[in-house]
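The values are calculated or read from the model by the stated rules, or taken from the named source; none is laboratory data. Quantities reported herein were computed from a predicted structural model and do not represent experimental measurements. Backbone-built Cβ (ideal geometry, glycine too); neighbour counts: all protein chains shown. Calculation scope for accessible area: heavy atoms of the full protein, side chains included, ligands and nucleic acids excluded. Shrake-Rupley method; radii C 1.70, N 1.55, O 1.52, S 1.80 Å.
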Amino acid sequence: MSLRRALPLTFILLVLPFALAAKPGDDIPKAAWKRPIGAPLEHPGTKKPALDSGHIDDGYWQGAPVGGFGAGTFSRTYRGDFARWHLQGGVHKYQSIDGNQFAMFQKTEGDSNGFAQALTATHPRDGALSSWKWDYPVGAGDYYALYPKAWFDYRSDKFPAHVVLEQYSPILPDNYKESSYPIAVYRWHAENPTKKRVTVSVLLSWENMLGWFRTFSRDLSGGINAGNFNRAANESLGSAGTMKGIVFDRNRIGPTQEAWDGQWTIAALESPGVEIFYQSTFDPGGDGKEIWEPFSKDGKLSNSNDGWTSAGENLAGAIAVRFTLEPGEKRVIPMVIAWDQPVVQFGAGRKWNRRYTDFYGASGLNSWAIARDGLKNAAAWSDAIDAWQAPYINDESKPLWYRGMLFNEMYVLADLGTFWGRPVGSDPKLPPVYSFMECYDYPYYETLDVRFYGSMPLIKFWPDIEKGIMREFADTVPHEYNEKMIWRWKTLQTQSANFKIRKAKGAVPHDLGVPEEDPFMQINQFNWQDTNGWKDLNPKFVLMVYRDFVLSGSKDKEFLRHTWPAIQEALAYLRKYDTDGDGIPENGGYPDQTYDTWVVRGESAYSAGLWLAALRSAEEIGKQLGDSAAAAQYHELFIRGQASYIKKLWNGEYFRYDTGSEYRDNIQADQLAGQWYANMTGLGDLVPRDMQLSSLKKIYNFNVLKFADGSMGAVNGIAPDGTLVTTNEQVQEVWTGTTFAVAALMLSDGLKDEAFRTAWGIYHTSYETKGYWFRTPEAWDISGNYRASMYMRPAAIWALEMTRPPAK
């Protein structure tokens with residue numbers, strides 16, 4: 001290393017109570033998804049070959065992320081390496097960091113030598129840390145995930161004690177504080193099944209990552225700030241228990257002001273029988289002997305305070321927690337990784353403070369305090385997560401695979417570029433902005449046509465966040481954003497430039513912006529289509545408002561009053577597209593709805609069904625607010641539109657795709673999306689129940705069973721003779737989230753077996769055959785290859801928990 005200088009380093013001490021409660025690995029819920037540690041997958045799926053190199057395909061090694069809402073997240077793969085980094089707002093980076101590792105030492109009493117092993121089934125590619133023992137045996141134990149928790153059950157025959165690592169962040173329902181924390185908790189559940197004493201030591205090493213996330217590039221820049229250092233200081237608070245750790249910092253003049261700046265902390269608890277050792281600084285690009293030689297000998301580190309500052313090289317530090325288990329003894333040992341990077345700066349330059357700064361301040365100097373709270377509350381948070389999940393994962397009336405997938409698809413709420421915070425210097429009394437993206441390939445915040453499906457867990461467990469987002473959308477409706485933008489799809493069709501305005505007055509925007517601009521200020525960045533003419537955005541906005549009112553208890557009339565003017569304006573805007581006066585707006589001969597390459601012309605089952613459901617919602621909102629005239633108007637429009645819908649689209653078996661395009665007779669899986677929401681919110685039948693059941697059975701028999709024998713979900717569209725329609729990419733795709741929506745409608749209409757068989761195809765493809773866990777895509781085709789990984793829409797699985805029994 002060059003440019004080193006000694007620093008006055010001391011070791012941090014903090015007294016905390018310590019509990020010896022143990023939780024055996026056998027307590028891992030049966031619903032948790034399971035895979036052998038490091039086991040490769042035969043015939044995994046990949047992104048579609050036609051997609052350009054910019055579309056993400058990181059492979060199937062993914063694991064559950066840690067990190068609170070808007071705090072930034074990172075993920076450890078089921079191999080054991082830390083590889084996926086979502087720490088800068090809206091930016092995806094994927095790279096295994098050599099110096100970020102867990103390792104374990106064990107030694108049986110009486111043996112002359114112990115055994116130490118890095119707990120990853122891989123190794124550095126460039127020969128770094130060559131003295132360490134890498135390549136944990138593939139299949140020597142299992143990885144489990146039930147988000148926000150995951151477990152590594154280590155069962156190497158080299159380790160006499162049985163050790164299970166439990167990881168999580170405190171993502172908790174109806175919790176708007178701890179759910180924002182930038183912390184990862186790791187609880188080591190150790191048990192000695194032998195007749196001799198066993199000494200166990202767990203190592204956590206970490207690189208000083210300040211400065212690594214400066215740009216919107218998907219590659220780690222590796223840009224280390226001049227003046228990075230790892231420090232340890234003394235803070236003795238007594239003798240009942242001791243928190244010890246390393247703070248990763250840099251030389252600074254004052255509080256953090258940049259998005260890449262802040263602190264990290266790794267820490268653990270010392271107590272009677274539990275020792276903590278440390279090496280405050282080492283070179284993760286070297287051979288690592290200063291760590292591995294003492295650790296592999298007896299599970300210790302040198303307790304060295306020999307610190308450096310770096311003017312370009314990487315720095316790492318490590319702690320080791322050592323304890324001895326008597327025969328039959330069990331212990332739970334908590335460790336934490338905490339970070340304090342309070343500033344988010346998007347592409348246009350505006351700076352925001354993350355939500356957790358409301359509780360810790362925005363100085364960027366509080367990673368130690370966050371870590372302290374994690375150690376103090378580790379057991380309580382774990383128990384709270386278990387209590388939340390128990391009613392769902394123990395419900396034996398539903399398939400086991402489904403109960404686990406429910407929670408694992410919720411990872412997107414924290415992991416999809418999620419932002420939660422307020423502008424720097426803004427009024428702290430104003431509610432913070434929460435938003436998560438459609439995906440990293442299509443990085444739009446709160447894509448409305450997609451969140452219609454993917455926002456289900458928000459309204460169920462964090463209704464205040466969900467209603468806040470819909471208020472934001474409502475506030476945009478009366479405004480025009482007249483900036484001209486290229487209309488890309490139309491330009492490609494005509495081979496000449498076509499333009500659109502950013503957002504028309506009365507139109508509900510497609511999105512709330514993108515990270516590389518000024519999100520939440522510059523809205524509706526999507527320019528693939530002219531969404532000002534889309535026929536599904538305005539009714540979906542109305543439907544989500546009413547859904548949020550009903551599913552949060554039907555009491556929040558202030559929420560309805562706030563959104564009511566926008567609802568009325570949005571419906572009036574869409575009525576202008578009813579050119580023949582039949583009560584239904586016509587689609588415009590281009591892909592003017594969420595299926596944005598699938599042309600639709602005239603009246604359509606999908607868009608018109610949403611329109612009917614929106615009219616019924618508006619009627620009920622009018623009644624709630626005492627606006628009887630508006631309620632009566634929307635009721636009359638509904639009756640007229642309902643008659644036209646049935647007359648023009650019902651063919652005796654199902655509702656046709658539309659009345660005017662080449663796809664008019666296609667069987668669309670999502671044709672009854674409006675009825676899905678109507679059932680969920682108690683609006684009643686938009687079309688007669690026998691028509692619903694006939695359509696759903698047709699969808700099941702054709703879109704589900706005639707596509708890969710029902711093993712991959714519901715294909716979007718299929719010809720009346722059951723053959724695939726190959727003239728359009730989206731018609732022949734399965735969309736994961738819309739399949740869940742169809743399954744939820746089937747369930748609410750009493751078709752339970754069909755519902756779970758339909759949904760199972762998404763589980764089977766994602767978790768059993770193609771390896772899409774924790775990167776569930778928007779879509780795949782008959783080959784199983786995907787488009788748009790890490791997608792918002794699959795969170796629609798929670799719609800199956802929001803069904804109501806069919807009306808008598």
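Relative contact order of the range 643-695: what whole-number percent is it, with Cα pairs under 8 angstrom and at least 6 residues apart? Provide the component values of the computation, followed by the final result.
Details: 43 pairs, mean separation 15.9, N = 53.
It rounds to 30 percent for the range 643-695.
Over all pairs of distinct alpha carbons, what does the Kirkwood formula give as the hydrodynamic radius of the range 434-574, in Å? Don't skip to the end; give the middle numbers.
On the way: mean 1/r = 0.0649 Å⁻¹.
Mean inverse Cα-Cα distance, inverted, gives 15.4 Å.
Carbon and sulfur atoms: what percent of the 1.4 Å accessible area of the range 619-735 do they account for? Carbon and sulfur atoms account for 49 percent of the accessible area of the range 619-735.
Distance distribution P(r), the range 483-537, all Cα-Cα pairs, bin width 5 angstrom from 0: 4, 22, 26, 25, 15, 7, 1 percent. Spin-label pair ARG689-LEU41: with each label point 7 Å from Cα along the Cα-Cβ axis, the two points sit 4.1 nm from one another. Using the Kirkwood radius built from alpha carbon pairs, what does the Stokes-Einstein equation give as D for the range 289-404 at 4 °C and 1.567 mPa s, in µm² per second? The Stokes-Einstein estimate is 67 µm²/s. Farthest toward the positive end of the dipole of the chain, out of LEU724, THR215, LEU649, is the Cα of THR215, where the dipole comes from beta carbon charges about the Cα centre. Hydrodynamic estimate: the Kirkwood radius of the range 101-172 over Cα pairs, inserted into Stokes-Einstein at 20 °C and 1.002 mPa s, corresponds to D of 155 µm²/s. The mean sequence distance of close C-alpha pairs (under 8 Å, at least 6 residues apart), as a share of the length of the range 238-393, puts its relative contact order at 29 percent. Straight-distance candidates among the aspartates and glutamates for linking to LYS48, with alpha-carbon spacing under 16 Å and chain neighbours fewer than 8 residues away dropped: ASP57, ASP58, ASP441, GLU729, GLU733, GLU778, ASP781.
What FRET efficiency do you get for LYS196 and ASP383 if R0 is 22 Å and r is their Cβ-Cβ distance, rounded to the nearest 0.05?
Values: r = 32 Å, r/R0 = 1.46.
Efficiency, rounded to the nearest 0.05: 0.10.
Expressed in nm to one decimal, what extension gain is obtained for the pair ARG488 and ASN651 from 0.36 nm per residue of sequence separation less their Cα-Cα distance? It would help to have the intermediate numbers written out before the result.
Details: separation 163, 0.36 × 163 = 58.68 nm, distance 3.51 nm.
So the extension gain works out to 55.2 nm.
For ASN587, neighbours were defined as the other residues whose beta-carbon sits under 9 Å from its Cβ, and their charges (Lys and Arg +1, Asp and Glu -1) total -2. Add -39500 (n - 2.57) for each DSSP H run of 4 or more in the chain, then divide by its residues: what number comes out at 222 nm, to the nearest 500 deg cm²/dmol? Mean residue ellipticity at 222 nm (helix-derived): -8000 deg cm²/dmol. In the chain, the longest principal axis of the Cα atoms and the axis of helix 557-575 are about 50 degrees apart. Once the C-beta distance of SER554 and ARG471 is scaled by a Förster radius of 22 Å, the resulting FRET efficiency is 0.80 to the nearest 0.05. Here the accessible area is traced with a 1.4 Å probe on the protein chains. For the range 345-482, carbon and sulfur cover 50 percent of it.
Between ASP287 and GLN495, the contour length at 0.36 nm per residue exceeds the Cα-Cα span by 69.1 nm. Along its first, second and third principal axes, ordered by size, the range 59-135 spans 52, 28, 20 Å in Cα coordinates.
Can you tell me, using C-alpha contacts under 8 Å and at least 6 residues apart, the relative contact order of the chain as a whole percent? Before the final figure, lay out each step's value.
Working: 2030 pairs, mean separation 101.8, N = 808.
Worked out over the chain, it gives 13 percent.
Max-minus-min Cα coordinates of the range 686-747 on each principal axis give 32, 24, 21 Å, with the largest extent listed first. Model label sites at LYS752 and GLN624, defined 7 Å from Cα along the beta-carbon direction, differ in position by 3.0 nm.
Whenever you get a sec, compute what percent of the accessible area on the range 38-77 sits on carbon and sulfur atoms (1.4 Å probe). Don't skip to the answer; put the middle values down first.
Working: 790 of 1370 Å².
After summing per-atom areas, the C and S share lands at 58 percent.
Convex hull volume of the Cα atoms of the chain, normalised per residue: 157 Å³.
Computed with a 1.4 Å probe over protein heavy atoms only, the accessible area of GLU293 comes to about 110 Å².
Just to confirm a number: summing +1 for Lys and Arg and -1 for Asp and Glu over residues other than ASP52 whose beta-carbon lies under 15 angstrom from that of ASP52, what do you get? Write out the running numbers ahead of the final one.
Values: positive: LYS47, LYS48, ARG218, ARG488, ARG787; negative: ASP57, ASP441, GLU729.
My count for the surroundings of ASP52 gives +2.
Solvent-accessible area per residue in the chain equals 32 Å², computed with a 1.4 angstrom probe and all protein chains kept. Between SER130 and GLN257, the simple label model (points 7 Å from Cα in the Cβ direction) yields a spacing of 4.4 nm. Lysine pairs in the range 590-731 whose alpha-carbon atoms fall under 24 angstrom of each other, counting only those eight or more residues apart or on distinct chains, come to 6. Quarter the surface of the alpha carbon convex hull of the range 363-403 and you get the mean projected area, 4.3 square nanometres.
Within the same chain, aspartates and glutamates fewer than 8 places from LYS460 are excluded, and of the rest, those with a Cα less than 12 Å from its Cα are ASP174, ASP548, GLU801.
Sorted largest first, the spans of the alpha carbon positions of the range 707-808 along the three principal axes are 42, 36, 20 Å. Within the shell of other residues whose beta carbon sits under 13 angstrom from the beta carbon of ARG575, the net charge comes to -3, with Lys and Arg scored +1 and Asp and Glu -1.
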